[in-house]
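Here the structure comes first, spelled out in structure tokens, and everything after it is commentary.
The values are calculated or read from the model by the stated rules, or taken from the named source; none is laboratory data. Note that the coordinates shown come from a computational prediction; the quantities given were computed from them, not determined experimentally. For accessibility, only protein heavy atoms count, side chains too; no ligands or nucleic acids. Shrake-Rupley method; radii C 1.70, N 1.55, O 1.52, S 1.80 Å.
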Amino acid sequence: MSSTEIQNSGEESCFRLEHLPGKSPRLAGKASPQVNNRWDAPEVTANGVLDIEDRILRITGYYGYNPGYSSHRREEGSESHAETPVSETSGNGTAYQTCANTVLKVLGGLLVVLCVSSSWVGTTQVVQLTFKSFSCPFFITWFSTNWNILFFPLYYSGHVATTSEKRTPIQKFRECSRLFGEDGMSLKVFLKRTAPFSILWTLTNYLYLLALRKLTATDVSALYCCHKAFVFLLSWIVLKDRFMGVRIVAAIMAITGIVMMAYADGFHGDSFMGVALAVGSASTSALYKVLFKMFLGSANLGEAAHFFSTMGFFNLIFISCVPLILYFTRVEHWGSLSSLPWGYLCGVAGLWLVFNILVNVGVVLTYPILISIGTLLSVPGNAAIDVLKHEVIFSVVRLAATCIICLGFLLLLLPEEWDTVTLRFLTTLADKKTEEHGEELTESSVHTRSRSRANGAVSIPMA
């Protein structure tokens, strides 16, 4: 290297800062060229830190160095933190709102589950208390069904209180009557559509109350849960719903539980009769639901309120003769009206109405599966009351039968695409574990190679 080159290099490596008036401080010596790209040399700060860093990177020959890269990188980082895109902000807000709505829906569903379970347990227990002084199950069924008339007035009151759109009760009633067809409600439609469902409704509740006279509340509520299996079997046969192996298994488990429950005290006596009555109640309930789906389809909250009130009117007009016939034939005889336990009767009717309202409102406000779980939770609720208050001792066979029926009920709650979703989840989980294992192997190999280079060793791949 010549002396001129050494001198030039020495002058190039030595510099001093001069403050020129009216201009920002720049390096003395070689004038920086005017380049119009984003890698222009940055201006020197008061202490010259930025230009010193750039000069050190250039002198040391840093690979991929561009003048001003470090300073521009810091400036871009600060700008990216200072300016947030509007789309990203709106996307985060939408995701947060969706998550909050889901959480509120789940919390509301849990509250509805507790209310549904409590109302059904309360109905069952109050019925058994009523039987101690008034053993007339059909009269209790008829009296409680009449309270369904209040369903639509309660719905209309809530509709007026929660919406700004005001409609008269007649207009709202006609709007909700579209459940029966485009022509609305007529006497022919009233008799044709309401009569079979009202009869099935009354028969279901009457058989349920008859079973409560023979068995404990826990046994009856567990056997009633078999209606879910009967709904699946009828829907598969009548409505041609999709065949699912897991639901066939659940139906078999329900039948097994029924047989075990009947076998607990032998196939004779009140126990066997009570099991038959409870299974009959579950069967008529399943038939009611399948026929409703076949002829009326799905219904919103207003249409459900209209339908329940219509059944209440039908019960009051056409079925009122049945309690009178039972009274005069001494099948269900009671004294004067003043001697009736009106407190218990109103309690049963009110709890039954609350249960029906919660079931239909809960389907609208939350997930339908939670409503089914609320019905299932009535089994342990009744069991706790039977053990603590009535001091009932359950046999091993009855406990096993109850557990089998409840497990079958839970299997029936699985969605139709549960197998596909489960396989997809397991595949995704396996792929994620494979990727993590591959990343760990890559990191370990890179770490080993860097250590070999630091020690002066060279790894030679094997042939």
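Here are the numbers:
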{"quantity": "Per-residue ³J(HN,Hα) for the stretch 191-197, Karplus 6.51 cos²θ - 1.76 cosθ + 1.60, θ = phi - 60°, Hz, x for Gly and Pro", "calculated": "6, 6, 8, 7, 4, x, 6"}
{"quantity": "Whole-Hz ³J(HN,Hα) from phi, Karplus 6.51 cos²θ - 1.76 cosθ + 1.60, for the stretch 330-342, glycine and proline x", "calculated": "6, 6, 10, 10, 9, x, 6, 5, 6, 8, 6, x, 5"}
{"quantity": "Between the stretch 338-385 and the stretch 144-183, the Cα center-to-center distance that results, in Å", "calculated": "22 Å"}
{"quantity": "Under the Karplus curve 6.51 cos²θ - 1.76 cosθ + 1.60, θ = phi - 60°, whole-Hz ³J(HN,Hα) for the stretch 378-392, x wherever Gly or Pro sits", "calculated": "5, 5, x, x, 5, 5, 5, 5, 5, 6, 7, 9, 8, 6, 7"}
{"quantity": "Global form of the stretch 353-419, assessed from the alpha-carbon gyration tensor, a/c cut-off 1.5", "calculated": "oblate"}
{"quantity": "Pairs from LYS132/LYS389; LYS192/LYS214; LYS228/LYS293; LYS105/LYS240 whose Cα-Cα separation, in the structure shown, is over 25 Å", "calculated": "LYS192/LYS214; LYS105/LYS240"}
{"quantity": "Whether the stretch 164-268 is rounded, prolate or oblate, judged on the alpha carbon gyration tensor where a/c under 1.5 counts as rounded", "calculated": "prolate"}
{"quantity": "Surface per residue (accessible, 1.4 Å probe) for the stretch 97-420, Å²", "calculated": "48 Å²"}
